[in-house]
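Read the structure below first, then the notes.
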Amino acid sequence: MAWNEPGNQNGKDPWGNNNRGGNQGPPDLDQAIKQVLDKLNGMFGGGGNKDNGGSSSQGSGGVFGIVAILLILFLAWKSVYTIDEQQRGVVLQLGKYSRTLEPGLRIVIPLIEKVIPVNVTNVRNAELKEEMLTQDENVVEIDLNVQYTVRDPVSFALRVEEPERSLQHAAESALRHEVGSTDLNPIMTDGRAVLAENTRLRLQDYMDRYETGINVSVVNIKEARAPAAVQAAFDDVQKANLDKERFINEAEAYANTVIPEARGKAQRMLEEANAYKDQVIAKAQGEAERFEKLLVEYDKAPKVTRERLYLDAISEVYANSSKVLVDVEGGNNMMYIPLDKIVSAQPSTQTRNESEDYDISDLTDRVINEIRNRNSRSSSREVR
Amino acid sequence: MSKSIISLVALLVVIALLASSLYVVDERQVAIKLQFGEIVESDIGPGIHFKMPFVQNVRKFDQRILTLDSRPERFLTVGKKFVIVDSFIKWRIEDVKAYYKATAGNRWQATTLLSNSTNKGLRDEFAARSLTEVVSGERDELMREITEKLNVITLRDFGVRVLDVRVKGIDLPEDLSKNVYRRMSTEREREARETRSQGKEIAEGIKADADRERTVIEANAYRDSEKIRGEGDAIAASTYASAFNKNPEFYSFTRSLQAYKDSFNGKEDVLLLKPDSDFFRYMKEATQN
């Protein structure tokens, strides 16, 4: 016998208990949920009602709908990525590299794909200022500047840890290597360009070997100078060069004064000699002609001319001098003649009555000779 | 039982299981799978992978080229010269298993091991070379040798490949560098002194030449002027002679008269005369005897 026979209105269970209260199942979680969901439904109005069918389980569909829509919006937002013109996007799909994105608005699979942006056009700068050893065991202070760009964004982002720090280290190493292979002098003077180029090549080699994806565009040595401790000595070398030039210039200036002066003096000497020569010849010619003219007259009347000349001359002599006429016959008579009284009584005169030309020219000669003697005395002092 | 609860719970459980059985290895990493601490799979590359949840776990390591930048160290070179070397090492994990075994994945541990090995290698190589060799061109050689020798050890002992050992700087310790500075200074001083002396020498040469030339010019001028004067004197003398030779006695007479006049021309000249010269002829009497 079944425990619930048809027609039996009192539902009996096998144990004979009566179930009252109609359609009761276990105390109603189902019911409770439905009530909550209905309430929620009521709150959100019609939006969630799209997916509502008749059954209670579909009451929760409304919330899921909202969540779904939010999720979809969120995912949509996450799947669109803007790549700047300066950048490229390195895409990792579930950790694995999948592709590189070009600039623009790009689509990625959200959550699964991750984008690492890398700036590839920006020219980056690294600076370096160090003292280092040269090949000939000297020390030089170098101020260096490196310009670089990212050539391969994948390598830059994925292959090396801290690629820019790697570049800094590598630049130091490259520079020191190159400086260590060069002597001090070329570095400080004309070897700088070569040094910079060698450093660039070496640095680029390192960058490639370390898979950094970096392209070194320019290596520039801004300064290469002696370390501060010895700068003074180096500066002095410059000064010494200037001094050397100065000494030479001074000497040349001296030469440029002395030689023209000497030439001038020489010229003067010759001029004076010529003048003397002309003068002496003229004087001789003058005197000779004077004598010859006199001779002509003398030859015409020799005795008279002779007597005249003689008397003129002697009378002048006696007239100008002090005389004592002693008219005594020989013998040993002592005479007292106060000569000094006679001399001092008269003012001493040196009268030259004759003002003939050749005496004035004689005077001129003597003046010129005196001047010349003085000059040659002073020049003979100069000439060693 | 209500289906939705079950399904919710079931969903959560599934999610949990998934979470602990799926893992992602990044492009920059390499992973190993451990089961109860023992390595069961190694060298796991990038992408998404599966493991047994809870029982197995995964350790990930940086697969990129890494840099070890150690502190500057002192090394001795041939000739007892010390140098202070600042180096860096480029390395990467090559054998993950060995790496994990040696370092338990602790990077700090790894760098200590690595730097010890490297320093030993550097020390040996530097001790065999002179300062010049170390500083200059043979560095490439030196570094390559060091790298190769290092790799033998590092690969074997802790699964690390050393790509490059590079010297960032070789510097002299303070006392040596003072010597270098002093030497540089004295070299420059010597150069400066030499230059100045050279300048003075050349200057003296120029001056001496100028003086010599002046002397020569003046001497020549003197010679020439004397010659000219001589010519003048000669011509004058011959002029005189040719004139006076016409009557030498008369010349002698007139010239003597002139001489008397010039000699006795002042009152301080005293003549003591006897009146028996021809001049006094007419003093005694009016007629000539």
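See the values below:
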item	result
In sequence order, calculated HN-Hα J values of the range A:216-224 (Karplus, 6.51, -1.76, 1.60; Hz; x Gly/Pro)	8, 8, 9, 10, 10, 8, 6, 8, 9
Average projected area [Cα convex hull, the protein assembly as shown], square nanometres	76.1 nm²
Mean-position separation - Cα centroids, the range B:8-44 and the range B:142-193, in angstrom	47 Å
Folded to 0 to 90 degrees: helix B:3-21 orientation relative to chain B principal axis, Cα	40 degrees
Within straight-line cross-link reach of B:K81, aspartates and glutamates at Cα separation under 13 Å, skipping those fewer than 8 residues along the same chain	A:E137, B:E133, B:D171, B:E174, B:D175
Prolate/oblate/rounded call for the range A:80-168, Cα gyration tensor, a/c under 1.5 rounded	prolate
Hits among lysines - C-alpha to C-alpha of B:K90 under 19 Å, sequence gap 8 or more where chains match	B:K120, B:K149, B:K168
Loop-located GluC sites (Glu not before Pro) in the range B:78-183, at most 16 other Cβ atoms within 10 Å (DSSP)	B:E138
Reachable lysines from A:K277, criterion Cα separation under 30 angstrom, eight or more residues apart if same chain	A:K265, A:K293, B:K227, B:K246, B:K261
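FYI, it's all coordinate maths here, none of it is from the lab. Only a predicted model underlies this, so the values are computations on that prediction, with no experimental measurement involved. No Cβ is skipped: glycine too gets one built from the backbone with ideal geometry, and neighbour counts run over all protein chains shown.
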